[in-house]
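Only one structure is covered here, and it is reproduced in the block below.
The values are calculated or read from the model by the stated rules, or taken from the named source; none is laboratory data. Since the model is a prediction, treat every value here as computed from it, not as a measurement. Note that we place each Cβ from the backbone using ideal geometry, even for glycine, and neighbour counts take in every protein chain shown.
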Amino acid sequence: MQSVYISGIIPDLGVELLRKRGFMVEINKSGRNLTRDELKEAIAKPEAIMTFIFDRIDEEVLGAASPDLKVVSNFGVGFDNIDVLAATRRGIVVCNTPGVAGESVAEHTFALILALSKKLIAADKFVRSGKYSGFDPTLFLSSQVWGKTIGIVGLGRIGTYVGHMAYGGFKMKILYNDIRRSEDFEMLTEAKFVTLERILKEADFVTLHVPLAESTRHMIGKKELSMMKETSVLINTSRGAVVDQEALIEALSKNEIGGAGLDVYEGEYHMPHELRILGNTVLTPHIASATVETREAMAKIAAQNIIDVFEGKEPFGLVKMS
């Protein structure tokens, strides 16, 4: 009987799918992330392992893997926590769960946009503190989203959903930048394919939807932030390291940009105090894809990826070396 180790808790349907196919499943139910040593110990026995974005599967960890380990199936769309080349050299298949989070992340992107634009966090605290004493026409004046310009950096599945929401829901003007132009997207949304520099200079909202790679690490830094308007808002629901966090904190502290809505962070488990105390931010704990529907779809695909490898099929979520 092949064994699978799951490094965190997933929806039951993923576990049951594996067990119905005859796999022996062990789960880390501690509610905390595994340490490096625990991860190396966990990977030493099973033929398959299901991991999360917080599990760094690199050369060192793979060196401790069972010689029978055949597949690392990541529970998530991203896979920058896995050294795919090192795994491939060992004959280990790497998988992810593509195409399941687009709608949820796009919704969360707009939740951040609206929360910042409408000053919802400050208004909520104001009411709860007992300060509200009746209607005041000057209270919490905000800027409407309708008709504003949104700049979409990265037009993959999520960026495309954001664009359709922006155009169809808020009649926003759309500027976008990607490695390739999409004439279909332009036809449906009246979007304009422009440089990153133009997006930064003109957009009222700049939203990031790129994968983390060496080419995108710190793609938004001090120079790029200085190009943005003082009223512009930066939204990041992609990967924390796409933004130079220190430069962002400085720009926000000096009110050089209007605000930031962040669901991801650079050094995610060591969020600086300087960021947490800023009033011109809305911060959420990496939950953009956290809907019941998305999590269940992730669990099903991550489990099926493992099953497919052992049945000699190409997994839906196979990560291929570029």
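When LEU34, LEU69 are screened for being part of a loop (DSSP other than H, G, I, E, B), at pLDDT below 95, buried (at least 19 other Cβ atoms within 10 Å of the Cβ) and in contact with a helix residue (DSSP H, G or I) (Cβ under 9 Å, 6 or more places away or on another chain), only LEU34 passes. In the set LYS131, LYS125, LYS45, only one residue is of a type in the set (Lys, Arg) and part of a helix (DSSP H, G or I); that residue is LYS125.
Selection of first residues in region 90-103 that are under 16 Å from ASP308 (Cβ atoms) and of second residues that are assigned to a loop (DSSP other than H, G, I, E, B) and of a type in the set (Phe, Trp, Tyr), restricted to Cβ pairs under 7 Å at least 6 apart or on distinct chains, gives the following pairs, ordered by first then second residue: VAL94/PHE79; ASN96/PHE79; THR97/PHE75. Hey, does region 127-142 have a residue that's surrounded by 16 or more Cβ atoms within 10 Å (Cβ to Cβ), assigned by TED's automatic domain parsing to the domain that holds ILE257 and either at pLDDT below 95 or more than 15 Å from PHE110 (Cβ to Cβ) (or both)? No, that holds for no residue.
Restricting to region 171-181, name every residue that is out of contact with any strand residue (DSSP E or B) (no Cβ under 8 Å at 6 or more places or on another chain) and among the hydrophobic types (A, V, I, L, M, F, W, C).
ILE179
Based on this model, can you work out whether ILE158 counts as of a type in the set (A, V, I, L, M), out of contact with any strand residue (DSSP E or B) (no Cβ under 7 Å at 6 or more places or on another chain) and at pLDDT 95 or above? For ILE158, the condition - of a type in the set (A, V, I, L, M), out of contact with any strand residue (DSSP E or B) (no Cβ under 7 Å at 6 or more places or on another chain) and at pLDDT 95 or above - is met.
When ILE287, ILE306, ILE249 are checked against the criterion of being surrounded by fewer than 22 Cβ atoms within 10 Å (Cβ to Cβ), among the β-branched types (Val, Ile, Thr), at pLDDT 95 or above and assigned to a helix (DSSP H, G or I), a single residue qualifies: ILE249. Filtered by the rule that a residue be modelled with pLDDT of 95 or more, out of contact with any Leu (no Cβ under 7 Å at 6 or more places or on another chain) and of a type in the set (A, V, I, L, M, F, W, C), region 266-284 gives LEU275, ILE277.
Looking at ILE287, is it within 17 Å of ALA111 (Cα to Cα) and not charged (D, E, K, R)? When the stated conditions are applied, ILE287 passes them.
Please work out which residue is farthest from VAL292 (Cα to Cα), limiting yourself to region 12-27 and to residues that are surrounded by 16 or more Cβ atoms within 10 Å (Cβ to Cβ) and in contact with a helix residue (DSSP H, G or I) (Cβ under 7 Å, 6 or more places away or on another chain). Taking the candidates together, the pick is VAL25. For region 85-97, the set of residues classified as surrounded by 19 or more Cβ atoms within 10 Å (Cβ to Cβ) and either assigned to a loop (DSSP other than H, G, I, E, B) or among the aliphatic types (A, V, I, L, M) (or both) consists of ALA87, ILE92, VAL93, VAL94, ASN96, THR97, listed by residue number. Taken over region 207-223, the criterion of being assigned to a loop (DSSP other than H, G, I, E, B), in contact (Cβ under 8 Å) with a residue 12 or more places away in the chain and on the phi < 0 side of the Ramachandran plot is satisfied by HIS209, VAL210, PRO211, LEU212, ALA213, THR216, ARG217, MET219, GLY221.
Condition test on GLY240, is it surrounded by 15 or more Cβ atoms within 10 Å (Cβ to Cβ), in contact with a strand residue (DSSP E or B) (Cβ under 7 Å, 6 or more places away or on another chain) and of a type in the set (Gly, Ala, Ser)?
Considered against the rule, which asks whether it is surrounded by 15 or more Cβ atoms within 10 Å (Cβ to Cβ), in contact with a strand residue (DSSP E or B) (Cβ under 7 Å, 6 or more places away or on another chain) and of a type in the set (Gly, Ala, Ser), GLY240 comes out as no.
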